[in-house]
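Heads up: the structure comes next, in structure tokens.
No lab work stands behind these numbers, since they all come straight from the coordinates. Please read all numbers here as calculations on a predicted model, not as lab measurements. Reconstructed Cβ throughout: ideal geometry from the backbone, glycine too, with neighbour counts over all protein chains shown.
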Amino acid sequence: MDHYDLLVKNGRVLDAETAFDSIADIAITGGIIERVDPDIDPALADDTIDAAGLWVMPGMIDTHVHVASAADLDRVRGLGLQMVAAAGATTVIDLGGSMEALTAGIAARGSGVNVGSLGYLKPGETVPEGRLDARQIGKIVESALDAGSLGIKLLGGYYPFTPEETSKFISTANDMGAYVAYHVGTTETGSRLDGLREIPALLGSSGRVHIAHVNAYCRGSILPVDQEIREALQIVDDLRDQVVSEVHLARPNFTLGKCDESGNVEADVCRNCLRLKGYPTTADGIRAALRDGYASTVEATRTGLVLVTGERGVELFDEGDTDVSMSFPVNSAISAFQLSAARRTSTDSDRDFIIDAVGSDAGALPRNVNVEQSMRLVKFGAFEPLELVLKLSLNPARMIGLNNKGRLSEGKDADLTLIDPVEGKASHGIVAGRMIMLAGRVVGSGGTILTTDRGEHAIEPSGIPLEVIDVSQAMMYSGRPPRST
Ligand SMILES: [Zn+2]
């Protein structure tokens, strides 16, 4: 007779791939979904979760988090791993992390989530200063893969390269079968609409890339917000066979406050935020914006980071010698909404979304709001429940090439996120059949690192479980399915 490790009973099971939406039970054994059926006998299972009244979706996959920044090594090691699990994520991709910080973070505060990482490109740290030639760029991408990363992250809004270097990084990653994500901006453009406009030229006819947080380039710094949104959607839609993309749904952004010796703010993103409200782009400008409550910095608590403004914010900014995370409420709700909800209006009458996924750009930063905000869009009528699952799980799985995740059918990984539709929040997180989160409390530990066959040897000494994935299956390389649902 069949016997199961875990039974998730009576939930509203939502699987976007098969368009399954029905009250059903899910039986799990050995970390795999064994059966999805209307009525499975609880006597057959070691453990049962009563999911009556809850939605049961494939585990939320957040393709844009920050849980392993090199700077986290000493300060907030692994805190982000707790915060993503509390928000309902079961798999996350660190967009610009260090493998050293990731393994240390999992050891210190692992929450049981699966984590893949993209090596960040920062001159003077992971990249030599000065102009880079093709051979150097090749070595940099290779060393990211050899360290166990899935690929690279270009941080154009912070450490821009020339258009030629940027283009070469992308084509080199493409040639090596590495994942490549791009926060737009080169030495010629910024972390704005002009950075998006530059992408077709950077990619040429064959380049492939993940465009990070499209909404962050539609803050009205070049054109009125609605025009920026329209143009951004056109750019992404025109590049449909070459790019994947996500949008985050949080109002606060995050950036760096670091100032040079003359007191001038270094980061393009931070300067733009100050300019938007007429503050000087200096340390004093930041102090004034903190005192006025426009800017915030962050402070670590036991369970996560929180935003702090006013005089305490100024204190933290000065204690950190300006080199602190900053946040401004600059993300336009209109951009987040319109970009998330926008669908193609092409002749073949499909209603696919133009932007593939919701990604939080959170992790250690206090804005892990994918589930809450997407549930608001469901209540508002902008997403159908199955579309929420598409945006939060199936499309992210496709983006990374995780063919056993993002789906709830038999034989797939038993990663589940349960949502309380009344609260509009994730209530349970389950990874490989094991509970990692219950009612916002993280009960998981450890974690699994997603890596490539090339990086396996680098992870092994850490003793942290790993899963080798095939990046050639990532949607930017394997192509889009004929229809997204
Ligand atoms: Zn980011």
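Work out the FRET efficiency for residue 291 and residue 439 from their Cβ-Cβ distance, taking R0 = 45 Å, and round it to the nearest 0.05. E between residue 291 and residue 439, to the nearest 0.05, is 0.75.
Dimensions of the stretch 252-328 based on its C-alpha atoms, expressed as ranges along the principal axes with the largest first, amount to 34, 24, 20 Å. Remark: the residue 52-residue 23 segment gains 9.6 nm on full extension, using 0.36 nm per residue and subtracting the alpha carbon distance. Around the amide H of residue 40, modelled in the peptide plane, lie the amide H atoms of 25, all under 5 Å away and 5 or more residues distant in sequence or on another chain. Summing Cβ point charges (Lys, Arg +1; Asp, Glu -1) relative to the Cα centre of the chain gives a dipole of roughly 940 debye. Taking a sphere under 13 Å around the Cβ of residue 86 and counting the other residues whose Cβ falls inside, with K and R at +1 and D and E at -1, yields a net charge of +3.
Return the long-range amide H neighbours of residue 427 (sequence gap of 5 or more, or a different chain), with a cut-off of under 5 Å between placed amide H atoms. Result for residue 427 returns 418, 419, 420. Close amide H pairs (under 5 Å, H built 1.01 Å from N) link residue 256 with 270, 326, residues at least 5 positions away or on another chain. Spatially, the stretch 446-485 and the stretch 367-385 are offset by 28 Å when compared through their Cα centroids.
For the stretch 437-462, the residues whose amide N sits under 15 Å from a probe point set 7 Å from the Cα of residue 108 along the beta carbon direction are 446.
With 29 Å as the limit, write out which pairs from 277/379; 122/405; 9/425; 153/391; 122/425 have Cα-Cα distances beyond it, or answer none.
As for pairs spanning more than 29 Å Cα to Cα, those are 277/379; 122/405; 122/425.
Each residue of the stretch 380-392 was assigned a 3J(HN,Hα) from its phi angle through the Karplus curve 6.51 cos²θ - 1.76 cosθ + 1.60 (θ = phi - 60°); the sequence is 6, x, 7, 10, 6, x, 5, 6, 4, 5, 4, 6, 9 Hz, with glycine and proline shown as x. The simple Förster model, with R0 at 56 Å and r as the Cβ-Cβ distance, assigns residue 384 and residue 129 a FRET efficiency of 0.65. A DSSP coil position with no more than 15 other Cβ atoms inside 10 Å describes the following trypsin sites (Lys or Arg not before Pro) in the stretch 2-98: 75. The order of the peptides 53-66, 229-242 by mean Cβ neighbours within 10 Å, most packed first, is 53-66, 229-242. For the chain, the longest principal axis of the alpha carbon atoms and the long axis of helix 310-319 meet at an angle near 70°.
Counting Lys and Arg as +1 and Asp and Glu as -1 over every other residue whose Cβ lies under 10 Å from the Cβ of residue 452, the net charge comes to -3. Mind pulling up the Rg/Rh value for the chain? Radius of gyration and Kirkwood radius, both on Cα. Using Cα coordinates only, the ratio equals 0.96. Given R0 = 41 Å, the distance between the Cβ atoms of residue 376 and residue 311 translates into a calculated FRET efficiency of 0.80.
For the pair the stretch 120-194 / the stretch 395-424, the C-alpha centres are spaced 30 Å from each other.
The length gained on full extension between residue 284 and residue 35, counted as 0.36 nm times the residue separation minus their Cα-Cα distance, comes to 83.6 nm.
In the chain, the longest principal axis of the Cα atoms and the axis of helix 163-176 are about 30 degrees apart. For labels at residue 122 and residue 276 in the simple 7 Å Cα→Cβ model, what's the distance in nm? Output for this residue pair reads 2.3 nm.
Let me make sure I get this right: for the stretch 343-415, a, b and c are the square roots of the gyration tensor eigenvalues over alpha carbons, sorted descending. Under 1.5 in a/c it's rounded, otherwise prolate if a/b > b/c, else oblate. Which is it? The shape class here is oblate.
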